[in-house]
Amino acid sequence: MDADLVGRGLTRQLEMAGISGLCDAVRADKVNGDIHATKIPSLWPCPTGVVQGFVPEHLSPGVMTRILKQLRDQYDAVILDTGPILGSLEANVHRARLGRVVIVVSRGQSAKTVRASIQRLRRLGASCSGLIFNRAGTKDFDRSVSTASVSARSIKASAQAARRGGAEGRAALMRAVGVQSTPGKETIAP
């Protein structure tokens, strides 16, 4: 779900501008035709929507709770893409309704900003389940991870296996980052 009502990056990347989505669901107080099929199996996005004049201030915690419950009843996993935790209103509205939060860290982002984001999540009653390093190359990852870290070595080795392709490499990478895979379902390990 593209819940970044300012940036709308997911909506743009999936070329879904002008299609009903989150804003329409919030206005109707339910999801009704706002989730769309894609060419990618098992990917059913909800773009930001087409309601004119809808801004993050229009989000209601009560409506979002109902919408997310409806989606959880229909889908195995619901992922929300919000704006930056330190600067977006919608991230603060959604945080209490989420089971887990994964922070995206862009290449070159300061450690101070990352720590501030994690502290902000804690103050809001949410927790950080992990980080995604965006726009980082393999060399960046190698420099950022201690060679003493068993899980980091596992991720690195699994990533190398995944690059070679095949189901075995993909499964190894998923195990290393805490995703349990069974036919038809993938879940994040506790």
Give the shape of the stretch 1-89 as rounded, prolate or oblate, defined through the alpha-carbon gyration tensor: a ≥ b ≥ c are the square roots of its eigenvalues, a/c under 1.5 means rounded, and otherwise the shape is prolate if a/b is larger than b/c and oblate if not. rounded
For Val102, placing the label point 7 angstrom along Cα-to-beta-carbon and taking the stretch 19-46, residues whose amide nitrogen sits under 17 Å are 41-46
Table column - 3J(HN,Hα) (Hz), the stretch 130-137, Karplus curve with 6.51, -1.76, 1.60, x for Gly and Pro: x, 10, 10, 8, 8, 6, 9, x
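So if I place +1 on the C-beta of Lys and Arg and -1 on the C-beta of Asp and Glu, and nothing else carries charge, what would the dipole magnitude of the stretch 5-69 be about its Cα centre? I want it in debye, nearest 20.
Once rounded to the nearest 20, the dipole reads 120 debye.
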Given Cβ charges of +1 for Lys and Arg and -1 for Asp and Glu, the option among Pro84, Thr65, Ser106 whose Cα lies farthest towards the positive end of the dipole of the stretch 31-111 is Ser106
Which percent of the accessible area of the stretch 1-91 is formed by carbon and sulfur heavy atoms (probe 1.4 angstrom)? 54 percent
Per-pair calculated FRET efficiency, R0 = 22 Å: Arg123 and Val6 via Cβ, rounded to 0.05: 0.50
Rounded accessible area of Leu80 (nearest 10 Å², 1.4 Å probe): 30 Å²
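The values are calculated or read from the model by the stated rules, or taken from the named source; none is laboratory data. Keep in mind that what you see is a predicted model, and the values were worked out from it rather than measured. Neighbour counts run over all protein chains shown; Cβ positions are idealised from the backbone, glycine included. With ligands, DNA and RNA removed, areas are computed over all heavy atoms of the protein, side chains included. Shrake-Rupley method; radii C 1.70, N 1.55, O 1.52, S 1.80 Å.
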